[in-house]
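Throughout, read-outs are computed from the coordinates displayed, never taken from laboratory work. Just so it is clear, the structure is predicted and the values come from calculations on it, not from any experiment. Quick reminder, even Gly has a Cβ in these numbers, built from the backbone with ideal geometry, and neighbours come from all protein chains shown.
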Amino acid sequence: MTAKPTVNVSSSGSSTALRGPAKLEVKDFDLFYGSFQALKKVSMQVTERRITALIGPSGCGKSTLLRAMNRMNDLIPSVRTTGEIVLDGKNIYAPATDVEALRKRVGMVFQRPNPFPLSVFDNVAYGPRAHGLRNRAGLRDVVEKSLRSVDLWDTLKDDLDDDALTLSGEQQQRLCIARLVAVEPEVLLMDEPCSALDPIATMKVEELMQKLVEQYTIVIVTHNMQQAARVSQDTGFMLLGDLVEFGLTERIFTRPTEKKTEDYISGRYG
Amino acid sequence: MSDHIFKQFDKELKALKDKLLLMAAKVEERLSDAIRALVQRDQELAKRTTESDRDINRLEMEVDELAVKMIALRQPAARDLRFITTALKIVTDLERCGDLAVNIAERAVALNEDEQLKPYIDLPKMAGEAQQLLKDALDAFVNGDADKATSVLERDQMVDDLFVQIFRELITYMMQDPRTITRAIGLIFVAKHLERVADHATNIAEQAIFLAKGKDVRHVHTT
């Protein structure tokens, strides 16, 4: 079945229906791993300064779609794509795209916190250094600003030389977000950012996302449907490579139009 | 609708549905009793019916408790969420209908003490219609039948028309002979209570449509 995503905000009771401009647009996007088609004619809009959640069972293609948004899939040799993903009006799959510059604008946070085995300071300064920032005062400013944006500065300001690997899981994940923020991206892609964290740490990262979305556009892949319901404004439900339904989160979780979405979010799938 | 992966949730949903059905059955029975007590001038039945809504009230509390528990523990979504939240609303309508049955029985006790004003013909007819609406609304709700619910909304007019008819007829009695006023007003109250039962049935029918279609049909003329 090829149910087209309905970006329909006309349903009654959708008071938060004001949509901003598109930051990322996925247009008729197919992705193949060799002969296996992992994404089938996916079309959707990621709206600026909103959190868009992608949900669906394992193997539905949600992480593949997320990774396609900053061309992380390029690292896999057998990957082939058709269609477009448009960032601020430009197709990121166009041959002229500078992939490194793209990944600076569209950064990713992973499932397991993956700080470098370096100090807290050097973790955050890594990106800016790689992009050519050398002077100590400038780096220090970026590190402070980035750590503040993830609410780690007050805790860690006297321990910036500590090994990042000694931090708690939640702090490590915050540090990874700070490392990303340090290169001033525009879009944050989060692939199961809380699945290695306990419930309280999860809530803290969710709260952080609410703060970050004032400045960034966020796309999150999550297995936790309640998390999608809590943090996102838009939700897409994927199944076997299809984007079955896409719309306002509050509508998807109260009045989904597709039976497959209904079955999945009410715990009847499988 | 297929089953939940988590079976306990299905059991709770069924328990909630069963409680609502049981409540509705009791309300129907009490309404029948109240009207029969009036029409057959059965004072014994009338008095018994005035104190008979305790089990309905208890069921209301049980439905509330179960629904809140399910929201807290099961994080329902989509249709399950709509079922539980609408159950919380219609339980109030059902409880009110139970109160109205008691009100009718109280009127019957007073009316039965006096000489019968006139043969009761339209009142039992109205009661039958109102009860049928309530039954159909509940059926539509538990079966997710939007068509049946829509027919309830349409048929409410019949009950309203019967009320107007009964009201007019009783006014003529009162104008002709002021000694009928007490009894006529008593009967008008009974008719008004039945008209309210039908209104509660339409509330339930509206919730049934929301449950089935996710579409709010309340107050459409006001927006």
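Work out the charge dipole of segment A:22-265 with +1 on the Cβ of Lys and Arg and -1 on the Cβ of Asp and Glu about the Cα centre, then indicate which of A:I85, A:Q172, A:M238 is farthest towards its positive end.
Of the listed residues, the answer is A:I85.
Under the Karplus relation 6.51 cos²θ - 1.76 cosθ + 1.60, θ = phi - 60°, what is the ordered set of whole-Hz ³J(HN,Hα) values for segment A:63-78, x standing for Gly and Pro?
6, 4, 5, 4, 5, 5, 6, 10, 6, 5, 5, 4, 6, 9, x, 7
Shielding of A:253-263 by partners, i.e. mean partner chain Cβ atoms within 10 Å per residue?
That average works out to 4.
Would you mind getting me the FRET efficiency between A:F116 and B:L73? Use the beta-carbon distance for r and R0 = 45 Å, nearest 0.05.
With R0 = 45 Å, the Cβ-Cβ based efficiency is 0.60.
Going by Cα centres, segment B:75-111 and segment B:1-67 are how many Å apart?
Cα centroid to Cα centroid, the span is 9 Å.
For A:R49, which sequence-distant residues (separation of 5 or more, or a different chain) have an amide H within less than 5 Å of its own amide H, given hydrogens modelled in the peptide plane?
A:T217, A:I218
Sort B:131-138, B:115-122 by the packing proxy (mean of other Cβ within 10 Å over each peptide's residues), most packed first.
Averaged packing, sorted descending, gives the order B:131-138, B:115-122.
Rank these for me by crowding, A:C194, A:C60, going from fewest to most other beta carbons within 10 Å.
Final ranking by Cβ density, sparse to dense: A:C60, A:C194.
Excluding residues on the same chain fewer than 8 positions from B:K26, give the lysines whose Cα lies under 16 Å from its Cα.
By straight Cα distance, B:K26 reaches B:K17, B:K135.
How shielded is A:114-121 by partner chains, expressed as the average number of their Cβ atoms within 10 Å of its Cβ atoms?
Mean shielding count: 0.
With labels modelled as points extended 7 Å from the Cα through the Cβ direction, what inter-label distance (nm, one decimal) is found for A:D28 paired with B:M175?
Inter-label distance under the simple model: 7.6 nm.
Quick one: length gained pulling A:D198 to A:Q37 fully straight, 0.36 nm per residue minus the C-alpha distance?
Gain in length upon complete extension: 54.5 nm.
Assuming R0 = 51 Å, can you tell me the calculated FRET efficiency for the pair B:D3 and A:D141, based on Cβ-Cβ distance, to the nearest 0.05?
Efficiency for this residue pair is about 0.30.
Gap in Å between the Cα centre of segment A:89-113 and the Cα centre of segment B:146-198?
71
Could you point to the residue in A:I51, A:A38, B:L187 farthest towards the positive end of the protein assembly as shown's charge dipole, with +1 and -1 charges on the Cβ of Lys/Arg and Asp/Glu respectively?
About the Cα centre, the residue reaching furthest to the positive side is A:A38.
Work from the charge dipole of segment B:1-117 (Cβ charges, +1 for Lys and Arg, -1 for Asp and Glu, about the Cα centre) and give the residue of B:V68, B:L21, B:I56 farthest towards its positive end.
Result: B:V68.
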